[in-house]
Structures are given as structure tokens and as C-alpha cells.
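One structure is given here, and the rest of the page talks about it.
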Amino acid sequence: MNALDFVLWVALPYAGIAVFIVGHIWRYRYDQFGWTSRSSEVYETRLLRLGSPMFHFGALLVLGGHIVGLLIPREWLYAIGIDEHMYHWGATVLGSAAAAMLVAGLAILIFRRRTVGTVFLATTVMDKVMYVFLSLTIAIGTAATIAHQIIGGGYNYRETISPWVRSILFFQPDPALMIDAPLLFQLHAISATLLFILWPFTRLVHVFSAPIGYLFRPYIVYRSRDEHRGSRSIRRGWEGSNLPEKTPKQKRF
């Protein structure tokens, strides 16, 4: 192992984790107003309604596949009846379908942002940088899956890449596991790390904005100034009271 291997497979991952955590804390404390996806739905809806669900559902499926493949040891899957053949079949078929949905959704969103003038004008520099790194990470990961898992004879990343990820998370880094990994998987790991470094400073922070408070907020009462109080007809018990008009007081002379 040389110095470059140490930088790529030890120093860079820990730098990415540190920037990811500290960057989100800093952003939340000092830029809560900017903690948003900056929705552009008001400018265009047709392409957004098509591309956004595809991208988000595809991203959730791909993320779930990465969690299972990288963080869960295969012995745990064996214990619940998922053998090697079943796992690789699911990872290849379901993973390919999720990747296709993700790529299609991202392509539609990028096309919309580039061709719709009002949406393009609302795009910031960090948005463009984020799209570049996000597209690069997805493209390399998809290429690695096609080259090694579909066209090639298959690569068992659960013997190298998965233990390396867990070694980083448990503060027992083993960079030797990544040295002999295929180039596309190495590039995918590096691009994903760079994306995590960039994450806190882009619109991607909205991933952690769960609207939990919406479930417990009180009802909002709206009172209409119209005579019919909205679209419903007036029911008994809600009629307005007709108070007698006050007569002006007589002045004493």
C-alpha cells in the first residue's frame, strides 16, 4: 500500500464523513432559511410531475440496495434464508430496475432545468455543481453494474468493498480491501465520497427535512367574510343573530 492508497481509502472517506456531519450542523445553525429544495413547481409542472417521482423513488430503492449490500454482513442474510444466488439475483434485477428509474428521472429533471427558461434562471451555481457530481456518481455506479454484474461474470463486492465500508464506519480502516477492486467500483466510491462532501452546501439538505411537525400541528380555522360562509349552505344553529339597531341617545338640553 502506497501513500495514494492511504489518501483515497482512509483519509478521503474520513474527511467526507467529517464535512458531511459538521457541514449539516453549520448549515442548520446559520442558514435555516436556505434549508430547502427551492421548489420550482411554480414555473413548470408537467415535466416535474413526471421526473420528480421517478427520481425520488429510484433514489430510495438504490439507497436501500446500498444499505443492504454494504452495511449488512452476508452471514446475517444467510440467517434469514437469503442465500448467495437469491441475493445476487435481487441485487441485479431489482437494482437495475431502480437504477433505470433513477437515471430516467434525473435525465428528465436536468432536461427541464436546462430547457425551461424560468427554471434555468432560478438555477444557482451550486445547483449546477451538484447536478454534475450527482450525475457522475449515478453514471459510474450504473456503468459498474452493467459491466460487471450484467455483461461480465459478476463481481462479489461483498468480500472487498462491503468490508471496507464497514471498516471505515467502525474506525478500523482496511484500505487493502479496495486496492484490487475493479476500477469502476473504485471511481464510484470516490465520486460518492466527493458528493457527500458537497452535500451540506447544496439543496440536497432537504433530504433531512421530515415534516413531522405537520402531524401534530393544531387545526387552522378559516372564517369567511362572505354571506354564505364558503360553498356549504347555512345550517340551523349557524344563522347570524339579528340584533335590533341601537337608537341614538337623546341629548339633554
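Ordered from highest to lowest accessible area with the whole protein assembly present and a 1.4 Å probe, Tyr87, Tyr78, Tyr30 read as Tyr30, Tyr78, Tyr87. Here region 14-60 has 67 percent of its accessible surface on carbon and sulfur atoms, given a 1.4 Å probe and all protein chains in place.
Extending 7 Å from Cα along the Cβ direction at Ala11 and again at His24 yields two label points whose distance is 2.6 nm. With a cut-off of 10 Å between beta carbons, the residues surrounding Val205 carry a summed charge of +1, where Lys and Arg count +1 and Asp and Glu -1. Using a probe radius of 1.4 angstrom, the carbon and sulfur fraction of the accessible surface of region 92-212 is 76%. Surface analysis of region 18-162 yields an accessible area of 60 Å² per residue, using protein heavy atoms and a 1.4 Å probe. Remark on region 89-145: hydrodynamic radius 12.5 angstrom, per the Kirkwood mean of 1/r across alpha carbon pairs. Here Asp180 and Arg49 are evaluated by their C-beta separation; at R0 = 51 Å the FRET efficiency comes out at 0.70.
Placing +1 on the Cβ of every Lys and Arg and -1 on the Cβ of every Asp and Glu, with nothing else charged, gives region 1-160 a dipole about its Cα centre of roughly 660 debye.
The values are calculated or read from the model by the stated rules, or taken from the named source; none is laboratory data. Please read all numbers here as calculations on a predicted model, not as lab measurements. As a convention, Cβ positions derive from the backbone with ideal geometry for all residues, glycine included, and neighbour counts pool all protein chains shown. The protein model used for the area step is the full one, side chains on, heavy atoms only, and it has no ligands, DNA or RNA in it. Shrake-Rupley method; radii C 1.70, N 1.55, O 1.52, S 1.80 Å.
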